[in-house]
Amino acid sequence: MKHHSLLRSIWCHVCFSKQRCGVIICRYSTVYDPNEKVSLIIRDFSLFLTCVIKTCKKMGIKTVAVHSDVDSSAVHVKVADEAVCVGPAPTSKSYLNMDAIMNAIKQTGAQAVHPGYGFLSENKEFAKRLAAEGVTFIGPDTHAIQAMGDKIESKLIAKAAKVNTIPGFDGVVKDAKEAVKIAGEIGYPVMIKASAGGGGKGMRIAWNDEETSDMGFFLSGHISDICANGFCWCLQVLADKHGNALWLNERECSIQRRNQKVVEEAPSTFLDPDTRRAMGEQAVSLANAVKYSSAGTVEFLVDSKKNFYFLEMNTRLQVEHPITECITGLDLVQQMIRIAKGYKLQHKQSDIPINGWAVESRVYAEDPYKSFGLPSIGRLSQYQEPLDLPNVRVDSGIQEGSDISIYYDPMISKLVTYGKTREEALKKMEDALDNYVIRGVTHNIPLLREIIVHPRFVSGVISTKFLPEVYPDGFKGHMLTAGERRELLATAAALYVAAQLRSQKFLGDLRVSVVPAESRQWELCVELDKSVHMLGVSRSGNNYTVEIDGEKVEVSGEWNLASALLPITINGKHRTLQCLLRTAAGEISLQYLGTSFKLRVLSKLAASLSKHMPEKVPEDTSSILRSPMPGSVVAVSVKPGDNVAEGQEICVIEAMKMQNSMTAAKTAKVKSVHCKAGDTVGEGDLLVELE
Amino acid sequence: MVIFLTKTHQFPKGGLCSPPRERIEKKRKAALTGGGQLRIAAQHKRGKLTARERLELLLDPDSFVECDMFVEHRCSDFGMEADHNKYPGDSVVTGQGRINGRLVYVFSQDFTVFGGSLSGAHAQKVCKIMDQAMMVGAPVIGLNDSGGARIQEGVESLAGYADIFLRNVMASGVVPQISLIMGPCAGGAVYSPALTDFTFMVKDTSYLFITGPDVVKSVTNEDVTQEELGGAKTHTTVSGVAHRAFENDVDALLNLRDFFNFLPLSNKDPAPVTECHDPRDRPVPGLDTIVPFESTKAYDMLDIVHGVLDEREFFEIMPNYAKNIVVGFARMNGRTVGIVGNQPKVASGCLDINSSVKGARFVRFCDAFNIPIITFVDVPGFLPGTAQEYGGIIRHGAKLLYAFAEATIPKITVITRKAYGGAYDVMSSKHLRGDVNYAWPSAEVAVMGAKGAVQIIFRGKENQAEAEAEYVEKFANPFPAAVRGFVDDIIQPSTTRKRICRDLEVLASKKQTNPWKKHANIPL
């Protein structure tokens, strides 16, 4: 059974009793390498665990976090009412140590366990022991998880339940040759899924034979066709143990990169009530067919003619469940707990409303400028969620100081905004993204911020091919208009002057008096994207008037140089920028409209003298291949002396379950190879040199 | 006849009859153009600024007050007495000015005049401003760009060097002295920067060596380029002669302005305090999780340092040399502090010859100029081995010990993890008059690591693993030190900034003196 992308883990929460309330939350992980540092797992889970704990708190249920000794400072451990350490770092001694966990359950008097997904949910031995102790499972039973977890079996069940399924080949492909043959029969494009990959991981789309055979190298998975320009909708279902099931409307999940969702919203702009009902009813009938109980999600692919096809059913609370909660007013975690306890559903289908609009952005630690998001790693040196804004919800399992490593999913958080209308929710999302402080890792806020303001997205014309169609040459960040450019230049200039003025302020009694340069006017030279602008700046208090090419820009603000956020007013408009970098040599990086821009501010004198400075020649990159991200080398296809053609694959780097083919930038002979399969490489490490 | 000759030959530039005012203007103009437009163009072509351009950029606008613009060399040999060989001001520009409003004395060698070579007059100009800087109590910044001694002047030039050296030594510990090497600096000339507190270099355009590649080749038959022998990379990574290198002249001068703000004007002044926007009681949640659970795992000490400081701003000194120790300047609640930290990421943060010397010199600078020192300790001990022993780790390690022990400025110490053996004593321990010594909960103050200790205590005995566990239980935590008062408190890491800011305020009025002595005898 596959582990799902975000949670290749098990978490369980246990809860409620009439006498003594206690929830036990334990976590398990399937780490690739048993020697992997377990402390890094935290991020993956905590996000969900904290969400569960929050609901339990609301319900008056006490929670107990189970953790290994290294995770004692993880977020979920901090927010739980009680914490039990079940052993040392290795998972076999802690999270997999059934005895320790059973002891923890007994010791705390906990009465329910959520088996989650991953090994423990399939571990019948564990289930038996829990049952023997009279401890309740929260979540669907093993049978449903197994049935829906198998991509092939799930389709057969769906077909039997009269759910629309995608025409295609549901089986294991032996080699590239066979893959090409089958793909040809189905018709391009086809989606090929690696058997090892869960969720969107390992899913690739091939548009022709060549691409299919390239992928054959990796895959032994199944092939199905894909709606070339379709939608991805997820129907939330809720089923109790008494055969009752509800559908809680759809979530629009079409904005994806590498078949993983990036921006989701509920409801969808495209879906009409009839289609919604038809989909909902099929989802419910599928749930009934597997005797599903608890919350689950049925994913459909939808083509432009509103034909929908069953893709898969996720037997868990999905990442984007908060947006369904926002528009329906239901707390899904609470519903899951009720269902587990054996209560009947409280609501009828006709009770389920669509109130307002909710949008969710998945904030990832990844570089959106590389294939819409290649994983990045680092330590979150600064981290501040925009929680002081109303109608903003952030579910995250990380905190300032967390490490983001190559071994886990790079998700930082899910950022949800809610509004009465879609417009309001999107506006709120803009503010939330501008006020979100993430330092230490590269993140995808530039891309998220661009998507939600893109005219095509705003008008609701969304499809799974949104990103490649809108950015055919790759994402390049926000393109500044002339007016925005002026705003940015003016802000940088004002910030520079504010910093200069502060550096003359010395406090205390001074033996030798300070004679600051008295100036109310500054002539500055600001460089942005290799073009240089002459700016005139004048100041009165905290207000700066910046003259750029004859146009005046008024900028005012507090100019707190220590704050990560820079809330300012530009020409009467309120904006929040972030100052990412400010150096003595005049470099200023500002995050403006989501994208980070590098500027250099110099006095007129310094700028005029800079022209004498020697140009330092950057290294020629066409003959060297560097790793675009941290990861491990899966395969190296060349050796020194080989001749390679431009675009030919040289090696494959894997990070976070994702394989990236590295190709030659020019036709040349291979000079040297600096890596071998199995090596761990960092971003920018030299892999192969060409002549 | 005589008069006639005098008129035509001796004063061709101004002429005896031209009014003094005109001559003054002429000389002044000549001084401002240094070696002339051609040489200025050549200087620019090399990617270097002129002596005056550099000062203009280094100092606040219109703040430079020049001294000795009319001084000329006095050499009368080898045709040097000829009028076209005299340049008003000679090969150095000197004076005083302001950096962010604060007084500084400067000299800037002019490569366009005789290659910036040092004449008696040149040295005399430099000495004059140094003398005045000492009397006033203000730092001296030298911008070095000189081919070396003025060969034509012979011993006069050597005397000039020695005069400067003497003043460098006299000023040492009285006013901060900074050298920025912006061109060649060879032969005896190198010793002036070496005597100053900080030596910075410009990448690709500056060199420091005793003898150039040609002499090296003839004496030792080594083939080496200027850059390899004495470039910025060599001196900031291999030799430890320079404290930092910058991309180019503009970058270097702007950074120097920034650096200057950290320094007090003299040993009579307290560490400067600037306006601070960073809340002094700001919690730093990331610090609670930074020290890995496994004590063998590395982490980056700079993450702790950046988290604690005002605005994460850290001016690191020698960032690429002896990287197992981190030193540099920063501010806490606006006040300049010196940071010393073991770097677990490099060689486990052990102390070796180079890191001891690097740390010692930095600590002594801070002590001389009233800059409080904050020490972050995660040290497994001194590096063992023949290379270290033969190299004299004993006497070099003693330097750091000496420097911490002798220092009377406020000393705050935070033990983040390991503080083992003699290295524990060295790193600003309570026993060396640390004012406030903290331990994080992850601290382990012990004679050595558990394994080594157990091997000695229970030599030859069985159940070593059990003994090791017992040792860990007993000593691998902050209690043995805390119950003896060797650490003042065990603190939550996230409160470190708040605690230090509060302590610094209290310790600002600290007074401590060492016994009278002519001078101390640090093990050099």
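What to note about this one:
- Solvent exposure of the protein assembly as shown amounts to 41 Å² per residue of accessible area, where only protein heavy atoms count and the probe is 1.4 Å.
- For B:TYR207, the residues whose modelled amide H falls within less than 5 Å of its own, excluding neighbours fewer than 5 places apart on the same chain, are B:GLY183, B:CYS185.
- Residues whose placed amide H lies under 5 Å from that of A:VAL84, excluding near-sequence neighbours: A:ALA65, A:VAL66, A:HIS67
- Under the convention that each Lys and Arg Cβ holds +1 and each Asp and Glu Cβ holds -1, the size of the dipole of the range A:321-409 around its Cα centre is about 480 debye.
- Distance (nanometres) between label positions extended 7 Å along Cα→Cβ at B:ASP131 and B:GLU247: 4.2
- Partners for B:LYS29 among aspartates and glutamates (Cα-Cα distance below 20 Å; same-chain residues under 8 apart left out): B:GLU53, B:GLU56, B:ASP62, B:GLU66, B:ASP68, B:GLU72, B:ASP83, B:ASP90, B:ASP110
- Rounded to the nearest Hz, the phi-derived 3J(HN,Hα) couplings of the range B:112-121 under the Karplus curve 6.51 cos²θ - 1.76 cosθ + 1.60 (θ = phi - 60°) are 6, 10, 6, x, x, 5, 8, 9, x, 5, where x marks glycine and proline.
- Dividing the summed helix terms, -39500 (n - 2.57) for each DSSP H run of n ≥ 4, by the number of residues in chain B produces a 222 nm estimate of -10500 deg cm²/dmol to the nearest 500.
- Taking a ≥ b ≥ c as the square roots of the eigenvalues of the Cα gyration tensor, an a/c ratio of 1.5 or more together with a/b no larger than b/c marks the range B:144-258 as oblate.
- Ligands, DNA and RNA aside, A:CYS675 has an accessible area near 10 Å² when probed at 1.4 Å.
- Between A:GLU551 and A:ILE624, residue separation times 0.36 nm minus the direct Cα-Cα distance comes to 21.8 nm.
- Carbon and sulfur %, accessible surface of the range B:370-457 computed with the full protein complex present, 1.4 Å: 64
- Evaluated on the protein assembly as shown, the Kirkwood hydrodynamic radius is 34.3 Å, with distances taken between all distinct Cα atoms.
- Across the range B:198-208, computed HN-Hα scalar couplings (Karplus, 6.51 cos²θ - 1.76 cosθ + 1.60, θ = phi - 60°) run 9, 10, 10, 10, 9, 5, 6, 10, 10, 9, 10 Hz from first to last residue, x flagging Gly and Pro.
- The fraction of accessible area contributed by carbon and sulfur in the range A:628-691 is 46 percent, rounded to a whole number (1.4 Å probe; ligands and nucleic acids excluded).
- Long-range amide H partners of A:ASP685 with built H, under 5 Å: A:SER627
- Spacing of the modelled spin labels on A:LYS676 and A:GLU484, each 7 Å from Cα toward Cβ, amounts to 4.9 nm.
- When each of A:LYS414/A:LYS676; B:LYS345/B:LYS451; A:LYS128/A:LYS261 is checked by Cα-Cα distance, pairs over 28 Å: A:LYS414/A:LYS676; A:LYS128/A:LYS261
- Positive-pole candidate from A:PRO410, A:THR583, B:PHE475, dipole of the protein assembly as shown, charges at beta carbon: B:PHE475
- Residues in the range A:238-269 reached by a label modelled at A:GLN349 [backbone nitrogen below 19 Å; 7 Å Cα→Cβ]: A:238-251, A:268
- Excluding the site residues themselves, the longest part of chain B lacking any GluC sites (Glu not before Pro) in a DSSP loop with at most 13 other Cβ atoms within 10 Å is B:295-461.
- Residues along the range B:297-311 losing 20 Å² or more of accessible surface when the other protein chains are present rather than the chain by itself (probe 1.4 Å): B:LYS297, B:ASP303, B:GLU311
- Against the main long axis of the alpha-carbon atoms of chain B, helix B:249-260 sits at an angle near 60°.
- Solvent accessible area, Å² - B:ASP303, 1.4 Å probe, full protein context: 40
- Chains B and A together bury roughly 3800 Å² of accessible area, counting both sides, with a 1.4 Å probe on protein heavy atoms only.
- Residues losing 50 Å² or more accessible surface upon assembly, the range A:592-612, compared with the chain by itself, 1.4 Å: A:LEU605, A:LEU609, A:HIS612
- Using a probe of 1.4 Å, the accessible surface attributed to A:THR55 totals some 10 Å² when neighbouring protein chains are kept in position.
- At R0 = 30 Å, FRET efficiency that the Cβ-Cβ distance of B:ARG433 and B:ARG395 yields, to 0.05: 0.85
- Violating pairs (Cα-Cα greater than 19 angstrom) within the set A:LYS370/A:LYS465; B:LYS233/B:LYS323; B:LYS45/B:LYS233; B:LYS26/B:LYS48; A:LYS57/A:LYS78; A:LYS306/A:LYS420: B:LYS45/B:LYS233; B:LYS26/B:LYS48; A:LYS306/A:LYS420
- Rounded to whole numbers, the Karplus 3J(HN,Hα) couplings from phi for the range B:35-42 are x, x, 4, 4, 6, 5, 4, 5 Hz, using 6.51 cos²θ - 1.76 cosθ + 1.60 with θ = phi - 60°, and x at Gly and Pro.
- When +1 charges are put on Lys and Arg Cβ atoms and -1 charges on Asp and Glu Cβ atoms, the dipole computed for the protein assembly as shown relative to its Cα centre reaches about 1880 debye.
- Each of A:ARG520, A:ARG393 has its accessible area taken with a 1.4 Å probe; listed largest first, they run A:ARG520, A:ARG393.
- Two-site FRET efficiency, B:LYS461 against A:ASN103, from Cβ-Cβ distance with R₀ of 56 Å, rounded to 0.05: 0.95
- The range B:28-71 and the range B:414-464 have Cα centres spaced 56 Å apart.
The values are calculated or read from the model by the stated rules, or taken from the named source; none is laboratory data. Small disclaimer: the values here were computed from a predicted structure and weren't measured. Note that we place each Cβ from the backbone using ideal geometry, even for glycine, and neighbour counts take in every protein chain shown. Please note that ligands, DNA and RNA were not included when accessible areas were found on the heavy atoms of the full protein model with its side chains. Shrake-Rupley method; radii C 1.70, N 1.55, O 1.52, S 1.80 Å.
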